[in-house]
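Notes to accompany the following structure.
Only the coordinates and a few stated rules stand behind these numbers; no lab work does. Everything numeric in this text was worked out from a predicted model, so none of it was measured.
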Amino acid sequence: MYKLLLISLLSPLLCLAEAPFYLGAELGYTDIRQGDFDDDKGYRLYGAYQLNSNISAEVGYADLGSFEIDEDAIAGSVDVENVYDISIAIAGDILQRQGYKTRAEFKAGFYQADIEADLSGGRASSDENGYTTSLSIMQPINDNIDAVFSWRYYDNIEDIDVTTYMIGGRYRF
């Protein structure tokens, strides 16, 4: 009974402690700048540990979409999915107004992606590794929720450079 009483008295204090974690989700547009690929929609889910007010370590999962190609010699589709990335983020304030800070964040890291291709020459799959960089702008909505706009670049996925433009949200614990 004493344990229950102690837990009930301490739980509000534990909720007041600011945890250095955040989770986010983004939805947007994936752009391939090579050949006659059609662009597609994609999404990204991520979580991070805030090391201090300006540096965090982030782990993410993304599905960048399915891309159709229709050239003279090749017809088919390429699916870029199961993209795992790990990044270090460096953030800083760029604007402060009414007690809220608009922040910019630069991230650099590595990715691993599963590629499925169904082209006129047959079906193939491969794993790709490379680096990723991104720039995000965060606007606080309240003390725990940020609106996020991000640009992310994936280098050399099947010899193709991929860029995403996404909007989403982030929840700080």
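Below 8 Å between Cα atoms, with a sequence gap of 6+, how large is the relative contact order for the range 19-172 in percent?
22 percent
Which number comes out as Rg/Rh for the range 19-172 once both Rg and the Kirkwood Rh are worked out on C-alpha atoms? Can you show the working numbers first?
Details: Rg = 17.0 Å, Rh = 16.3 Å.
In the range 19-172, Rg relative to Rh is 1.04.
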